[in-house]
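Asks: Pasting a structure here, questions to come.
The values are calculated or read from the model by the stated rules, or taken from the named source; none is laboratory data. Note that the coordinates shown come from a computational prediction; the quantities given were computed from them, not determined experimentally. Glycine also receives a Cβ, built like all others from the backbone with ideal geometry; neighbour counts cover every protein chain displayed.
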Amino acid sequence: MDSQAHLLLRPTLVAPVYSLHNKSLPVVVIKSPSLANTRRYKIFASHPSSTAPKREKDAKKRVVITGMGVVSVFGNEVDTFYERLLAGESGISLIDRFDTSGLTTRFGGQIRGFESKGYIHGKNDRRLDDSQRYCIVAGKRALENAALGEQERSKINKERAGVLVGSGIGGANVFQDGVESLVKAGPRKISPFFSPLMMTNMGSALLSMDLGFLGPNYSISAACATSNYCFCAAANCIREGKADLMIAGGVEASVIPVGIAGFCACRALSQRNDAPETASRPWDKDRDGFVMGEGSGVLVMESLEHAMKRDAPILAEYLGGAISCDAYHITTPRSDGVSVTSCIRNCLKDARVSVEEVNYINAHATSTIVGDVAEVNALKKVFTKTKEIKINATKSMIGHCMGAAGGMEAIATVKAIQTGWLHPTINQFDPEPVVDFDTVANRKQQHRINVAISNSIGFGGHNSVVAFSSFKP
């Protein structure tokens with residue numbers, strides 16, 4: 001993420017049901033380690049080149065995606081979320097949650113009609129910050145998607161199941177309300193829940209309490225790179241033998257007065273109040289800042305061994321990831337993208353993937369003046385054959401969901417791998433000439449993905465890249 005703040009702040013196992021639909025693709029029959037079950041899987045991606053590095057073969061260290069959960073401006077259903085992305089629908093509108101008349105930006109990706117019934121008990125539902133409510137609902141829905149409902153969860157070793165859902169801001173609404181109470185009515189009026197519920201770790205903590213998961217549990221806060229940082233850390237917990245299963249991703253509930261006002265102050269947000277649905281326009285010459293969004297995106301990540309033992313649906317494979325830092329400026333990325341370039345290369349090394357194998361990128365692409373081009377500069381240092389790679393920007397439709405952005409974009413990436421369809425980057429009116437990748441402009445495209453990467457970049461110079469592919473036994 002970047003902003004125009006530099007003007008002010010100078011540097012000081014694929015789901016089996018879907019897999020059987022396409023008869024033209026090869027079928028692989030594999031048996032679980034217990035020999036009790038046999039599953040059939042389709043291979044969705046093209047075969048890697050003979051020069052590709054050898055992938056991890058140890059089933060204890062291979063990490064697969066078995067479930068996904070989302071809370072978004074398009075609702076709480078993963079399939080609906082992706083269908084509306086494929087349709088090129090904008091989720092951006094004027095904010096009606098609070099009075100925006102004094103703000104220079106009066107629109108965003110505001111969630112409306114959020115429903116938590118059946119996932120959060122009534123008293124807690126009224127007490128919690130929206131960031132924690134979004135986290136709990138997305139997490140539980142991801143487990144349901146992974147065939148881990150309440151009864152099935154009783155069969156797994158909960159000492160080896162963990163939660164790592166991060167947030168860039170945490171309980172911002174609780175914090176805002178607490179400060180308001182202090183100023184208006186004095187310290188005696190501050191809620192006893194103020195301190196714990198404003199913390200960034202509380203979404204992960206509450207979800208684990210609800211589920212009884214006793215394994216690794218913490219939160220990472222790395223601004224808008226948060227979700228990818230969490231995926232990398234969760235995968236390492238599995239690879240290092242500390243956990244069999246992790247719920248990982250990000251959450252944010254930042255469409256609140258202080259959230260919008262703060263980013264307005266550092267000139268980060270678009271001011272296209274007369275046409276909010278066209279405001280988020282990554283790579284367009286007329287872009288003027290990002291659009292605030294909110295939500296949660298989480299994945300259920302498991303060792304291949306654990307997933308096969310319980311005969312889990314395998315949606316995709318997490319191949320690897322990397323993180324780095326610009327060490328440059330608090331809001332503005334390096335224009336040459338050198339640290340992002342390094343991060344991409346380290347991700348491919350961790351994933352044991354060659355540059356030639358990557359043919360799809362879900363870009364960070366926030367619609368900011370400096371950031372969009374800086375990311376493209378970084379990509380072109382790694383991927384010189386730009387015409388062979390497709391990139392798109394989920395944020396063009398749902399806005400920038402901050403700490404949750406990478407989680408929601410990971411879901412979009414996995415759905416692209418599963419379906420063979422890429423969602424469009426909308427609002428492409430007059431593209432920057434430097435962007436010579438195919439940006440899937442304005443209309444969805446069919447594309448068989450070999451290896452996909454997803455980039456997330458945050459204030460403070462935080463960079464993160466993760467790699468996914470279809471599952472190949």
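Asks: For the range 371-415: of the residues being part of a loop (DSSP other than H, G, I, E, B) and at pLDDT 95 or above, which is farthest from the chain's Cα centre (by Cα)?
Replies: This residue is Phe383.
Asks: If you check every pair at least six apart or on different chains, which have Cβ atoms under 7 Å apart with a residue in the range 260-279 that is part of a loop (DSSP other than H, G, I, E, B) first and a residue that is aromatic (Phe, Trp, Tyr) second?
Replies: That search, which allows pairs on different chains as well, returns Ala268/Phe290; Ser270/Phe290; Asn273/Phe107; Ala279/Phe107.
Asks: How many residues does the range 281-340 hold that are among the hydroxyl-bearing types (Ser, Thr, Tyr), touching an Asp or Glu at 6+ places or on another chain (Cβ under 9 Å) and more than 24 Å from Val71 (Cα to Cα)?
Replies: Number of matching residues: 4.
Asks: A follow-up question, please. Quick test of your reading of the structure: Met209 fulfils all but one of (1) assigned to a loop (DSSP other than H, G, I, E, B); (2) farther than 30 Å from Glu89 by Cβ. Name the failing condition by number.
Replies: So Met209 meets the others, but not (1).
Asks: Would you say Arg126 is over 26 Å from Met246 (Cβ atoms), assigned to a helix (DSSP H, G or I) and not hydrophobic (A, V, I, L, M, F, W, C)?
Replies: Values: over 26 Å from Met246 (Cβ atoms): yes; assigned to a helix (DSSP H, G or I): yes; not hydrophobic (A, V, I, L, M, F, W, C): yes.
Yes, satisfied.
Asks: Working carefully through the options Asn346, Asn359, find the one that is under 21 Å from Leu85 (Cβ atoms), surrounded by fewer than 24 Cβ atoms within 10 Å (Cβ to Cβ) and modelled with pLDDT of 95 or more. Quick ask: steps written out before the conclusion?
Replies: On the way: Asn346 fails: under 21 Å from Leu85 (Cβ atoms).
Just one listed residue meets the conditions, Asn359.
Asks: Please find, among Glu294, Glu305, the residue that is modelled with pLDDT of 95 or more and either crowded, with 20+ Cβ neighbours inside 10 Å or of a type in the set (Lys, Arg) (or both).
Replies: Glu294
Asks: Quick one: in the range 52-75, which of the residues that are at pLDDT 95 or above and surrounded by fewer than 16 Cβ atoms within 10 Å (Cβ to Cβ) is farthest from the chain's Cα centre (by Cα)?
Replies: By that ranking, first place goes to Lys60.
Asks: Take the range 138-156 and flag every residue that is within 16 Å of His306 (Cβ to Cβ), in a loop (DSSP other than H, G, I, E, B) and either out of contact with any strand residue (DSSP E or B) (no Cβ under 6 Å at 6 or more places or on another chain) or modelled with pLDDT under 95 (or both).
Replies: Ala147, Leu148, Ser154, Lys155, Ile156, listed by residue number.
Asks: Next up: So how many residues does the range 358-414 have that are β-branched (Val, Ile, Thr), within 17 Å of His462 (Cβ to Cβ) and in contact with a Gly (Cβ under 7 Å, 6 or more places away or on another chain)?
Replies: 1
Asks: Test Arg281 against the stated conditions and say whether it is among the basic types (Lys, Arg) and either under 24 Å from Gly460 (Cβ atoms) or surrounded by fewer than 24 Cβ atoms within 10 Å (Cβ to Cβ) (or both). Show your work before the answer.
Replies: Numbers: among the basic types (Lys, Arg): yes; either under 24 Å from Gly460 (Cβ atoms) or surrounded by fewer than 24 Cβ atoms within 10 Å (Cβ to Cβ) (or both): no.
No; evaluated as a whole, the condition is false for this residue.
Asks: Here is a list: Ser324, Ser296. Which entry is of a type in the set (S, T, N, Q), touching a Cys at 6+ places or on another chain (Cβ under 8 Å), farther than 30 Å from Lys158 by Cα and part of a strand (DSSP E or B)?
Replies: After ruling out the rest, the residue left standing is Ser324.
Asks: Against the condition among the hydroxyl-bearing types (Ser, Thr, Tyr), within 20 Å of Pro276 (Cβ to Cβ), in contact with a helix residue (DSSP H, G or I) (Cβ under 6 Å, 6 or more places away or on another chain) and not in a strand (DSSP E or B), how does Ser90 come out, does it pass?
Replies: Yes; evaluated as a whole, the condition is true for this residue.
Asks: Same structure, new question: Take the residues in the range 149-171 that are surrounded by fewer than 24 Cβ atoms within 10 Å (Cβ to Cβ) and among the small types (Gly, Ala, Ser), then tell me which one is farthest from the chain's Cα centre (by Cα).
Replies: Residue satisfying both the conditions and the ranking: Ser154.
Asks: So which residues in the range 416-461 are assigned to a strand (DSSP E or B) and not β-branched (Val, Ile, Thr), if there are any at all?
Replies: Residues satisfying the conditions are Trp421, Leu422, Pro431, Asp438, Ala441, Gln445, Gln446, Ala452, Ser454, Asn455, Ser456, Gly458.
Asks: Anything in the range 318-330 that is surrounded by fewer than 24 Cβ atoms within 10 Å (Cβ to Cβ), closer than 22 Å to Cys230 by Cα and not small (Gly, Ala, Ser)? List them, or say none.
Replies: Ile323, Cys325, Asp326, Ile330
Asks: When you look at Gly91, is it within 20 Å of Leu143 (Cα to Cα), at pLDDT 95 or above and crowded, with 19+ Cβ neighbours inside 10 Å, yes or no? Can you show your working first?
Replies: Details: within 20 Å of Leu143 (Cα to Cα): no; at pLDDT 95 or above: yes; crowded, with 19+ Cβ neighbours inside 10 Å: yes.
Taking the combined requirement at face value, the residue does not satisfy it.
Asks: Scan the range 343-357 and give yes if some residue there is in contact with a His (Cβ under 9 Å, 6 or more places away or on another chain) and either of a type in the set (Val, Ile, Thr) or in a helix (DSSP H, G or I) (or both), otherwise no.
Replies: no
Asks: Same structure again: Could you please tell me which pairs satisfy a Cβ distance under 8 Å, a separation of 6+ or placement on different chains, a first residue in the range 461-473 that is on the phi < 0 side of the Ramachandran plot, and a second residue that is in a strand (DSSP E or B) and of a type in the set (D, E, K, R)?
Replies: Partner pairs satisfying both residue conditions: Phe468/Glu317; Ser469/Glu317; Ser470/Glu317; Phe471/Glu317; Lys472/Glu317.
Asks: Suppose we keep only residues that are of a type in the set (Ser, Thr, Tyr) and part of a helix (DSSP H, G or I) within the range 190-204. Which one would you say is modelled with the lowest pLDDT?
Replies: For the range 190-204, the residue satisfying everything is Ser195.
Asks: Quick check: is even one residue across the range 435-450 in contact with a helix residue (DSSP H, G or I) (Cβ under 8 Å, 6 or more places away or on another chain), surrounded by fewer than 17 Cβ atoms within 10 Å (Cβ to Cβ) and modelled with pLDDT under 95?
Replies: Yes: the range 435-450 contains one or more residues that are in contact with a helix residue (DSSP H, G or I) (Cβ under 8 Å, 6 or more places away or on another chain), surrounded by fewer than 17 Cβ atoms within 10 Å (Cβ to Cβ) and modelled with pLDDT under 95.
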